[in-house]
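Visitor: Following this message is one structure expressed as C-alpha coordinates.
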Amino acid sequence: MTKLPRASAIAGMKAAAPLAVPGVPFGLVLGVQIAESSEVDNLAGWFSSILILAGASQIAAVSLLSTGAGVITVVLTVAVINARHMMYSAALSGRFQSLPRWFRLAGPYLMVDQVFAVADQVEDDVSPEHRMAHYLGAGALLFTLWNVSVAAGLVVGDAIPESWSLGYAVPVMFFGLLILGLTNTPGAAAAVTGGVVAVLGRDFPNGSGLLAGAIAGVVVGGTLDWWLERRTSRNPVAAP
(Lines give C-alpha, C1' and ligand atoms only; values in the text may rest on other atoms or scores of the structure.)
Protein backbone atom coordinates (compact mmCIF):
# COMPACT_ATOMS: atom_id res chain seq x y z
CA MET A 1 0.00 0.00 0.00
CA THR A 2 1.20 3.52 -0.79
CA LYS A 3 2.95 5.26 2.11
CA LEU A 4 1.10 8.48 2.92
CA PRO A 5 2.91 11.59 4.21
CA ARG A 6 2.24 12.29 7.87
CA ALA A 7 2.54 16.05 7.35
CA SER A 8 -0.33 15.98 4.84
CA ALA A 9 -2.55 14.09 7.28
CA ILE A 10 -1.79 16.66 10.00
CA ALA A 11 -2.58 19.45 7.54
CA GLY A 12 -5.95 17.82 6.88
CA MET A 13 -6.66 17.66 10.61
CA LYS A 14 -5.77 21.33 11.04
CA ALA A 15 -7.97 22.33 8.12
CA ALA A 16 -10.92 20.38 9.53
CA ALA A 17 -10.49 21.48 13.15
CA PRO A 18 -12.53 24.75 12.93
CA LEU A 19 -15.43 22.85 11.36
CA ALA A 20 -15.15 20.04 13.90
CA VAL A 21 -15.90 22.31 16.86
CA PRO A 22 -19.67 22.65 16.18
CA GLY A 23 -19.75 18.88 15.76
CA VAL A 24 -19.00 18.40 19.48
CA PRO A 25 -22.27 19.90 20.82
CA PHE A 26 -24.02 18.30 17.84
CA GLY A 27 -22.75 14.91 19.04
CA LEU A 28 -23.81 15.73 22.60
CA VAL A 29 -27.33 16.41 21.31
CA LEU A 30 -27.45 12.99 19.68
CA GLY A 31 -26.07 11.30 22.79
CA VAL A 32 -28.71 12.96 24.96
CA GLN A 33 -31.47 11.94 22.56
CA ILE A 34 -30.30 8.33 22.57
CA ALA A 35 -30.11 8.29 26.38
CA GLU A 36 -33.62 9.71 26.69
CA SER A 37 -35.15 7.40 24.09
CA SER A 38 -37.03 4.38 25.36
CA GLU A 39 -36.96 2.75 21.91
CA VAL A 40 -33.22 2.96 21.18
CA ASP A 41 -30.69 0.99 23.21
CA ASN A 42 -27.73 3.11 24.36
CA LEU A 43 -25.08 0.78 22.96
CA ALA A 44 -26.91 0.33 19.65
CA GLY A 45 -27.45 4.09 19.40
CA TRP A 46 -23.79 4.82 19.99
CA PHE A 47 -22.72 2.10 17.55
CA SER A 48 -24.85 3.80 14.89
CA SER A 49 -22.32 6.65 15.02
CA ILE A 50 -19.68 4.22 13.82
CA LEU A 51 -21.90 2.40 11.36
CA ILE A 52 -23.62 5.41 9.77
CA LEU A 53 -21.39 8.40 10.65
CA ALA A 54 -24.03 10.94 9.66
CA GLY A 55 -25.25 13.16 12.48
CA ALA A 56 -28.32 14.78 10.96
CA SER A 57 -29.77 11.49 9.78
CA GLN A 58 -28.95 9.81 13.10
CA ILE A 59 -30.82 12.49 15.06
CA ALA A 60 -33.79 12.19 12.71
CA ALA A 61 -33.73 8.38 12.98
CA VAL A 62 -33.61 8.39 16.79
CA SER A 63 -36.40 10.98 16.95
CA LEU A 64 -38.60 8.98 14.59
CA LEU A 65 -37.95 5.67 16.36
CA SER A 66 -38.76 7.30 19.70
CA THR A 67 -42.19 8.30 18.39
CA GLY A 68 -42.94 4.82 17.08
CA ALA A 69 -42.27 5.47 13.39
CA GLY A 70 -41.94 2.42 11.14
CA VAL A 71 -38.68 1.10 9.76
CA ILE A 72 -39.54 2.12 6.18
CA THR A 73 -40.21 5.71 7.26
CA VAL A 74 -36.91 5.88 9.14
CA VAL A 75 -34.90 4.37 6.27
CA LEU A 76 -36.45 6.70 3.68
CA THR A 77 -35.83 9.72 5.91
CA VAL A 78 -32.17 8.78 6.38
CA ALA A 79 -31.79 8.21 2.64
CA VAL A 80 -33.23 11.63 1.78
CA ILE A 81 -31.07 13.45 4.32
CA ASN A 82 -27.92 11.70 3.07
CA ALA A 83 -28.76 12.25 -0.60
CA ARG A 84 -26.56 15.36 -0.55
CA HIS A 85 -23.55 13.03 -0.38
CA MET A 86 -24.17 12.09 -4.00
CA MET A 87 -23.58 15.73 -4.90
CA TYR A 88 -20.39 15.69 -2.85
CA SER A 89 -19.15 12.57 -4.66
CA ALA A 90 -19.93 14.08 -8.05
CA ALA A 91 -18.00 17.23 -7.15
CA LEU A 92 -14.88 15.29 -6.11
CA SER A 93 -14.99 12.44 -8.62
CA GLY A 94 -12.70 14.11 -11.16
CA ARG A 95 -9.95 14.55 -8.58
CA PHE A 96 -10.32 11.12 -6.99
CA GLN A 97 -10.89 8.79 -9.94
CA SER A 98 -7.15 8.21 -10.52
CA LEU A 99 -6.47 7.32 -6.88
CA PRO A 100 -5.94 3.68 -5.77
CA ARG A 101 -8.98 1.41 -5.64
CA TRP A 102 -8.67 0.79 -1.89
CA PHE A 103 -8.98 4.51 -1.25
CA ARG A 104 -11.94 4.96 -3.60
CA LEU A 105 -13.73 2.12 -1.81
CA ALA A 106 -12.87 3.14 1.77
CA GLY A 107 -12.81 6.93 1.42
CA PRO A 108 -16.59 7.49 1.04
CA TYR A 109 -17.13 6.14 4.55
CA LEU A 110 -15.59 9.35 5.92
CA MET A 111 -17.48 11.63 3.52
CA VAL A 112 -19.29 13.90 5.97
CA ASP A 113 -20.06 17.56 5.30
CA GLN A 114 -16.92 18.93 6.92
CA VAL A 115 -14.60 16.44 5.20
CA PHE A 116 -16.08 17.33 1.83
CA ALA A 117 -15.67 21.05 2.52
CA VAL A 118 -11.99 20.53 3.37
CA ALA A 119 -11.29 18.13 0.48
CA ASP A 120 -12.92 20.51 -1.99
CA GLN A 121 -10.40 23.21 -1.04
CA VAL A 122 -7.31 21.11 -1.90
CA GLU A 123 -5.56 22.34 -5.03
CA ASP A 124 -5.91 20.30 -8.23
CA ASP A 125 -2.16 19.93 -8.81
CA VAL A 126 -1.17 18.22 -5.54
CA SER A 127 0.25 14.71 -5.45
CA PRO A 128 -2.11 11.74 -5.00
CA GLU A 129 -0.36 10.88 -1.73
CA HIS A 130 -0.99 14.35 -0.34
CA ARG A 131 -4.64 14.32 -1.39
CA MET A 132 -5.30 10.94 0.21
CA ALA A 133 -3.44 11.73 3.45
CA HIS A 134 -5.09 15.14 3.75
CA TYR A 135 -8.54 13.60 3.27
CA LEU A 136 -7.91 10.75 5.72
CA GLY A 137 -6.48 13.14 8.32
CA ALA A 138 -9.58 15.33 8.19
CA GLY A 139 -11.83 12.28 8.28
CA ALA A 140 -10.00 10.71 11.23
CA LEU A 141 -10.37 13.88 13.29
CA LEU A 142 -14.10 14.20 12.57
CA PHE A 143 -14.68 10.48 13.19
CA THR A 144 -12.92 10.58 16.56
CA LEU A 145 -14.49 13.78 17.88
CA TRP A 146 -17.96 12.71 16.74
CA ASN A 147 -17.91 9.32 18.44
CA VAL A 148 -16.36 10.70 21.62
CA SER A 149 -18.93 13.52 21.84
CA VAL A 150 -21.86 11.12 21.27
CA ALA A 151 -20.52 8.87 24.04
CA ALA A 152 -20.14 11.90 26.31
CA GLY A 153 -23.75 12.89 25.61
CA LEU A 154 -24.86 9.41 26.63
CA VAL A 155 -22.92 9.57 29.90
CA VAL A 156 -23.38 13.17 31.05
CA GLY A 157 -26.43 14.23 29.06
CA ASP A 158 -28.59 14.85 32.12
CA ALA A 159 -26.01 17.28 33.49
CA ILE A 160 -26.15 19.56 30.43
CA PRO A 161 -28.37 22.60 31.16
CA GLU A 162 -31.20 23.17 28.67
CA SER A 163 -30.18 26.84 28.59
CA TRP A 164 -27.11 25.85 26.57
CA SER A 165 -29.39 25.37 23.53
CA LEU A 166 -27.12 22.75 21.98
CA GLY A 167 -29.68 22.23 19.23
CA TYR A 168 -28.27 25.29 17.51
CA ALA A 169 -25.04 23.36 16.86
CA VAL A 170 -26.58 21.97 13.67
CA PRO A 171 -27.29 25.31 11.93
CA VAL A 172 -24.01 26.68 13.28
CA MET A 173 -22.21 23.84 11.50
CA PHE A 174 -24.08 24.64 8.27
CA PHE A 175 -22.90 28.24 8.42
CA GLY A 176 -19.37 27.12 9.19
CA LEU A 177 -19.44 25.06 6.00
CA LEU A 178 -20.70 28.13 4.18
CA ILE A 179 -17.45 29.95 4.92
CA LEU A 180 -15.44 27.35 3.00
CA GLY A 181 -18.06 27.15 0.27
CA LEU A 182 -18.00 30.83 -0.66
CA THR A 183 -15.91 30.08 -3.76
CA ASN A 184 -18.51 27.55 -4.90
CA THR A 185 -21.83 29.23 -5.63
CA PRO A 186 -24.05 26.12 -5.55
CA GLY A 187 -22.34 24.89 -2.39
CA ALA A 188 -22.76 28.26 -0.67
CA ALA A 189 -26.41 28.43 -1.73
CA ALA A 190 -27.01 24.92 -0.40
CA ALA A 191 -25.31 25.73 2.92
CA VAL A 192 -27.22 28.99 3.38
CA THR A 193 -30.54 27.39 2.51
CA GLY A 194 -29.93 24.35 4.70
CA GLY A 195 -28.80 26.48 7.64
CA VAL A 196 -31.70 28.92 7.44
CA VAL A 197 -34.30 26.17 7.10
CA ALA A 198 -32.69 24.20 9.94
CA VAL A 199 -32.88 27.27 12.21
CA LEU A 200 -36.49 28.02 11.28
CA GLY A 201 -37.44 24.37 11.70
CA ARG A 202 -35.52 23.75 14.91
CA ASP A 203 -38.72 23.03 16.84
CA PHE A 204 -40.38 20.88 14.17
CA PRO A 205 -41.45 17.47 15.47
CA ASN A 206 -39.40 14.29 14.99
CA GLY A 207 -36.31 16.09 13.78
CA SER A 208 -38.15 17.11 10.62
CA GLY A 209 -36.46 20.51 10.71
CA LEU A 210 -33.16 18.77 9.88
CA LEU A 211 -34.88 16.84 7.12
CA ALA A 212 -36.41 20.01 5.70
CA GLY A 213 -33.05 21.78 5.80
CA ALA A 214 -31.26 18.90 4.08
CA ILE A 215 -33.89 18.63 1.34
CA ALA A 216 -33.99 22.39 0.78
CA GLY A 217 -30.19 22.58 0.59
CA VAL A 218 -29.91 19.70 -1.88
CA VAL A 219 -32.68 21.08 -4.08
CA VAL A 220 -31.33 24.63 -4.16
CA GLY A 221 -27.68 23.61 -4.59
CA GLY A 222 -28.44 20.98 -7.23
CA THR A 223 -30.77 23.25 -9.19
CA LEU A 224 -28.30 26.13 -9.17
CA ASP A 225 -25.44 23.83 -10.19
CA TRP A 226 -27.53 22.49 -13.10
CA TRP A 227 -28.49 26.01 -14.20
CA LEU A 228 -24.89 27.28 -14.09
CA GLU A 229 -23.62 24.30 -16.09
CA ARG A 230 -26.35 24.83 -18.66
CA ARG A 231 -25.56 28.54 -18.95
CA THR A 232 -21.85 27.82 -19.29
CA SER A 233 -22.44 25.21 -22.02
CA ARG A 234 -24.47 27.76 -23.98
CA ASN A 235 -21.92 30.52 -23.46
CA PRO A 236 -18.47 29.10 -22.54
CA VAL A 237 -17.05 32.61 -22.05
CA ALA A 238 -19.50 33.40 -19.26
CA ALA A 239 -18.16 32.81 -15.77
CA PRO A 240 -20.41 30.99 -13.30
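Visitor: How large is ³J(HN,Hα) for each residue in region 107-118, as worked out from phi by the Karplus curve 6.51 cos²θ - 1.76 cosθ + 1.60 (θ = phi - 60°), to whole Hz, x for Gly and Pro?
Guide: Going residue by residue, I get x, x, 4, 8, 6, 9, 3, 5, 5, 4, 4, 6 Hz, with x marking Gly and Pro.
Visitor: Dividing the Cα radius of gyration by the Kirkwood radius, what Rg/Rh value follows for region 77-136?
Guide: Ratio of gyration radius to Kirkwood radius for region 77-136: 0.96.
Visitor: Related question: If 226, 102 are ordered by their accessible area, calculated over protein heavy atoms with a 1.4 Å probe, which sequence runs from highest to lowest? Show your work: numbers first, answer last.
Guide: Numbers: 226 140, 102 80 Å².
Highest to lowest solvent-accessible surface, that is 226, 102.
Visitor: Can you list, largest first and rounded to whole Å, the semi-axes you get for region 1-145 by taking the square root of 5 times each eigenvalue of its Cα gyration tensor?
Guide: For region 1-145, the ellipsoid semi-axes come out as 31, 16, 12 Å.
Visitor: Can you give the FRET efficiency to the nearest 0.05 for residue 93 and residue 38, using r as the Cβ-Cβ distance and R₀ = 35 Å?
Guide: E(calc), rounded to 0.05, equals 0.25.
Visitor: Give a residue-ordered list of calculated ³J(HN,Hα) values for region 82-94 (Karplus: 6.51 cos²θ - 1.76 cosθ + 1.60, θ = phi - 60°; whole Hz; x for Gly, Pro).
Guide: So the J values, rounded to whole Hz, are 7, 4, 4, 5, 5, 5, 4, 4, 5, 5, 9, 4, x.
Visitor: With every protein chain kept in the model, how would you rank 3, 14 by accessible area, 1.4 Å probe, largest at the top?
Guide: So the residues, ranked largest to smallest area, are 3, 14.
Visitor: If you roll a 1.4 Å probe over the heavy atoms of the protein chains, what accessible area per residue do you get for region 45-167, in Å²?
Guide: Accessible area per residue, region 45-167: 48 Å².
Visitor: Output the relative contact order of region 1-102, whole-number percent, from Cα pairs under 8 angstrom with separation of 6+ residues.
Guide: Rounded, it is 19 percent for region 1-102.
Visitor: Then there's this: Is region 31-79 best put as rounded, prolate or oblate by its Cα gyration tensor, with a ≥ b ≥ c the root eigenvalues, rounded for a/c under 1.5, and otherwise prolate when a/b is larger than b/c, oblate when not? Intermediate results must be reported in sequence, preceding the final value.
Guide: On the way: a/c = 1.81, a/b = 1.11, b/c = 1.62.
Taking the square roots of the gyration eigenvalues as a ≥ b ≥ c, region 31-79 is oblate.
Visitor: With every protein chain present, what accessible area does residue 148 have (1.4 Å probe, heavy atoms only), rounded to the nearest 10 Å²?
Guide: 90 Å²
Visitor: Could you give me the ³J(HN,Hα) list for region 14-24, computed from phi with Karplus coefficients 6.51, -1.76, 1.60 and θ = phi - 60°, whole Hz, x at Gly and Pro?
Guide: Once rounded to whole Hz, the list reads 5, 5, 7, 4, x, 7, 7, 4, x, x, 5.
Visitor: Could you sort 35-44, 17-26, 135-144, 82-91 so that the peptide with the highest average Cβ count within 10 Å comes first and the rest follow in order?
Guide: 135-144, 17-26, 82-91, 35-44
Visitor: Quickly work out the residue 101-to-residue 75 label distance, labels modelled 7 Å from Cα along the C-beta direction, and quote it in nm with one decimal.
Guide: Taking the two extended label points, one gets 2.9 nm.
The values are calculated or read from the model by the stated rules, or taken from the named source; none is laboratory data. All of these numbers come straight from a predicted model, not from anything done at the bench. Using ideal geometry, Cβ is built from the backbone for each residue, glycine included, and neighbour counts are taken over all protein chains shown. SASA here: full protein model, heavy atoms, side chains in, ligands and nucleic acids out. Shrake-Rupley method; radii C 1.70, N 1.55, O 1.52, S 1.80 Å.
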